[in-house]
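Here's the structure we're looking at; comments come further down.
Values quoted throughout were computed directly from the atomic coordinates according to the rules given, and no laboratory measurement underlies them. A quick note: this is a predicted structure, and the numbers were derived from the prediction, not measured. In this analysis, Cβ positions are derived from the backbone assuming ideal geometry, glycine residues included, and neighbour counts consider all displayed protein chains.
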Amino acid sequence: MAVPSGVSPSSLIDSQLSRILSFFLLICLSCGTSERADRVVQDDKLLRIAIPSDARTLDPAIAYDVVTWPLVRALYHGLVDYDDDLNLIPWQSQGWEVSSDGATISFEIIPGIRFSNGREVTAQDYVYSLTRVLNPATLSPGQGFFRNIVGAIDYQNGEADHVAGLKAPSRYQFDVTLLRPDPTFLHILAMPFSYVVPREEVISAGKDFAHNPVGSGAFVLSEWHRGSSLRFDRSPTYAWPERVRLDTFEIMVGGDGALHMMMFERGELDIANVTDTGIPDPDFVRIMRDPELRKYVESQPLNATRYLSLNTEMPPFDNVLVRRAVNHAINKDRLITLMSDRAVPAKSVLPPGMPGYNPDLLGYPYDPDRAQVLLAEAGYPQGFETELWINAAENTETRQAQSIQQDLAKVGVKVSIKAVTGATRIEAVGRRNTVPMAHFGWYQDYPDPSNFLDVLLNGTRITDVNSNNVAFYNNPLVNDLLGKAAYEIDNSVRLKLYQEAERIIVDDAPWVFLFHPNMYILRQPWLRGLDLNPVWPIRYERMWIDSGKEN
C-alpha cells in the first residue's frame, strides 16, 4: 500500500506546541539517563496509545493504511491469517482445499463464530463480504485484487446481479472459483479487505457503517469522538476469549511524535509511537543512547521501499539515460543518515525480506561523474529543471528532499520542491502527465513480489487517474513476464520470472531506488505482546499490561 502520512488540522496546532515543549524536554534529558515515570493508568486491563490523525474509516472494505489496518484487525477477522513466520494459517476456517485444476478454493468455516451483534458467521456472509468489495458503489480500493474471481468483471459491469465464482454450498462451506489459478489469492484473502461483515448491519447503517462497525473480532468500538479519541472494548461474543487479555484500548488522536514522546515519558502512553516508522526522528538518537530506554526498543525491518517516481511519460524522464543519471546523482547514504540510519540502501524494487529478493542486483551506486556523462549523452549537458513533489507534513521527507535537491544541483539539475498534503500528493502522482518526480513509498499488502512488481510497475495496470504505477512505466517485455508469473503455480519458476522482470525494471530505472526503512517501536517495560512482524507490526489483540514486572 502507499505509505500514508499527514495530520489533521487540529494536530497542526498541537504540532507547533509539542515542538516547543520537546525542545525543553531534550534540554532536561540530554544530561544523562532518563528517569522512568510510573504508569499513570492503574488499570492493567487498559492499553493507551496515541496517533497523529484520526482514522478515516473502520470499514474493512475501504480502510487501506498502516495505522488503520491494525484497528480494523481488532474489530474484524477473516478466513486466513499469518503465523509469526509469515506462513498462511487458518483463522475463521478449519482449513482449505484446492481443486485439482487449482482454480477453486474451498473453506470450511468454524461453527459458532459470532459477530458482535450476536449472530453466527456463515459462508453466506463471506459471499456477501467479497461481493461488497467488488461492488463499484462501495468504492473499495481493494476491488482490483478480486477481479480474477469468476464473474467479478461481469458483476462490476452490471451484466450480472451476483459474482458467479462466490458460492456457499452449505451453511459453513465457502467456495471461491478463479478465472485462472492464482498462487497469491490466499494472501489476498488474508488482507483486511476480505474480512467478514454482517449484511444486515451494513444495510442498516448505510454509509455510517464506516463509523459504526460490527465485526467478529476481539474488540468492539465503544466510543469515537472524531478528531479526539477512540475506545475499543473486549467483544463479549469473541470466539476465542482466552486469547485476549485486555479489556480496553484507548487511542488519543492528534499531536505529533514529539508530544506523544513526552506523554510516554510521563507514563501516560504504553507505546511511544505507532506510525509507519515508529520513534520520531528528534528523539531517536537520544533514546538509543539511553541505556534505560533502549532496553524497551523493539525493531523490525519493514517490507517497504521508499523511492522517487520518475514519470516516464513526461520529458525529460521519458529518456532512460536521464533516469539512470538521476539514480547515480543521489547520495542514498546521506539520506539514511538524515533518518538516523534507520534504513538500508535500496538497489532495486523488492525489499530484502520479500520472497524473490535478488541480492545480486547492483542498482546505481552514488557516482555524480557518471551522472553527468549520462546527462550529456541524453542531450542535457547543462542539465534541466524539474519539480519534486513531497508531503509537507513529513519533516524527514523535507530534509531528504533538500538533500536530493543539493545532489542534483551538483550535476546541473535544478529541482524546485513542491510541498503538498499527503492526500494531494497521492491524488496528483496517480494522475497522468501531472507530476514529473515525487518522493513516494510502498509498504507490502502481503509478502509476495507481485505486490510490488505487478501492482506498481505493470504497464497494463496504468490508469489515467488513481494509478498505482505512478512512474507510468510500460515495458511490454516486463508486462509479459509479470503476466506469466501471476498465474505460474511452480513457485521456483514464478520467482525466476519476477527476478527477470525486476532486472529489466532496474535497468530501465523508472524509480530512483532510495532505501528500505526499519521500524523502531518504544514500549513501556510493563507492556507485553508487542510481537513485531513484517505483515502486522502492531497487533492490539495480542498485547497486555503487567505492571508488576519489567522485561
Notebook entry, point to check: For region 293-320 and region 130-153, what is the separation of their Cα centres, given in Å?
Noted result: 29 Å
Next item on the list: Just name one of 122, 314, 237: the one whose Cα is farthest towards the positive end of the charge dipole of the chain (beta-carbon charges, Lys/Arg +1, Asp/Glu -1).
Entry: 314
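Could you pull out the trypsin sites (Lys or Arg not before Pro) across region 294-339 that fall in loop regions by DSSP (anything but H, G, I, E, B) with no more than 13 other Cβ atoms inside 10 Å?
295
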Margin query: What distance in nm lies between label points placed 7 Å from Cα along the C-beta direction at residue 298 and residue 409?
Written below: 4.3 nm
Next item on the list: First select every other residue whose beta carbon is under 12 angstrom from the beta carbon of residue 196; then total the charges, Lys and Arg +1, Asp and Glu -1.
Entry: +1
Notebook entry, point to check: Within a Cβ distance under 12 Å of residue 208, other residues only, what is the Lys/Arg minus Asp/Glu net charge?
Noted result: -1
Check: Taking H as built 1.01 Å from N, whose amide H comes closer than 5 Å to the amide H of residue 343, not counting residues under 5 places away?
Finding: 518
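Assigning unit charges at the beta carbon (Lys, Arg +1; Asp, Glu -1) and nothing else, what dipole magnitude in debye, to the nearest 20, does the chain show about its Cα centre?
700 debye
Output the antiparallel fraction of DSSP beta bridges having both residues in the chain, as a percent to the nearest 5.
75 percent
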Next item on the list: Could you give me the radius of gyration and the Dmax of region 144-264, taking only the C-alpha atoms into account and expressing both in angstrom?
Entry: 19.2, 57
Next item on the list: Compute the Cα gyration tensor for the chain, then decide on rounded, prolate or oblate, letting a ≥ b ≥ c be the square roots of its eigenvalues: rounded whenever a/c is under 1.5, prolate when a/b is larger than b/c in the other cases, and oblate in all that remain.
Entry: oblate
Notebook entry, point to check: For the pair residue 376 and residue 84, what calculated FRET efficiency results from E = 1/(1 + (r/R0)^6), where r is the Cβ-Cβ distance and R0 = 45 Å, to the nearest 0.05?
Noted result: 0.30
Checklist line | Estimated vicinal HN-Hα couplings, Hz - region 291-299 in sequence order (Karplus 6.51, -1.76, 1.60; Gly, Pro = x) | finding: x, 6, 5, 4, 4, 10, 8, 10, 10
Margin query: Under 5 Å between amide hydrogens, which residues at least 5 positions from residue 149 or on another chain qualify, with H placed 1.01 Å from N in the peptide plane?
Written below: 179
Checklist line | Rg/Rh ratio calculated on Cα atoms of region 336-442 (Kirkwood radius) | finding: 0.98
Next item on the list: Could you list which residues have their amide H under 5 Å from that of residue 104, counting only those 5 or more apart in sequence or on another chain, with H placed in the peptide plane?
Entry: 99, 178
Item checked: Under Karplus coefficients 6.51, -1.76 and 1.60, residue-wise ³J(HN,Hα) of region 252-258 in Hz, glycine/proline x -> 7, 10, x, x, 9, x, 5
Item checked: Between region 321-399 and region 182-232, the Cα center-to-center distance that results, in Å -> 39 Å
Note to self: Can you give the longest run of the chain that contains no GluC sites (Glu not before Pro) sitting in a DSSP loop with at most 15 other Cβ atoms inside 10 Å?
What the structure shows: 314-549
Note to self: Through the Karplus equation 6.51 cos²θ - 1.76 cosθ + 1.60, θ set to phi - 60°, convert the phi angles of region 120-134 into ³J(HN,Hα) values in whole Hz; use x for Gly and Pro.
What the structure shows: 6, 7, 10, 4, 5, 5, 6, 4, 5, 5, 6, 4, 4, 4, 6
Check: Which residues in region 244-262 have a backbone N closer than 14 Å to a point placed 7 Å from the Cα of residue 546 along the Cα-to-Cβ line?
Finding: 245-246
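Checking the a/c ratio against 1.5 first, then a/b against b/c, what shape does the Cα gyration tensor give for region 392-537? Display every interim value, and only then the final one.
Details: a/c = 1.86, a/b = 1.06, b/c = 1.75.
The shape class here is oblate.
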Check: Any idea what the dipole of region 75-208 comes to, in debye rounded to 20, about its Cα centre with Lys/Arg Cβ at +1 and Asp/Glu Cβ at -1?
Finding: 340 debye
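Ranked by Cβ crowding within 10 angstrom, fewest neighbours first, how are 341, 360, 44 ordered?
With the sparsest Cβ surroundings first, the list reads 360, 341, 44.
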Note to self: Quick check on region 304-518: of the DSSP beta bridges with both residues there, what percent are antiparallel, nearest 5%?
What the structure shows: 60 percent
Notebook entry, point to check: If you place +1 on the Cβ of every Lys and Arg and -1 on the Cβ of every Asp and Glu, how big does the dipole about the Cα centre of region 304-518 come out, in debye to the nearest 20?
Noted result: 420 debye
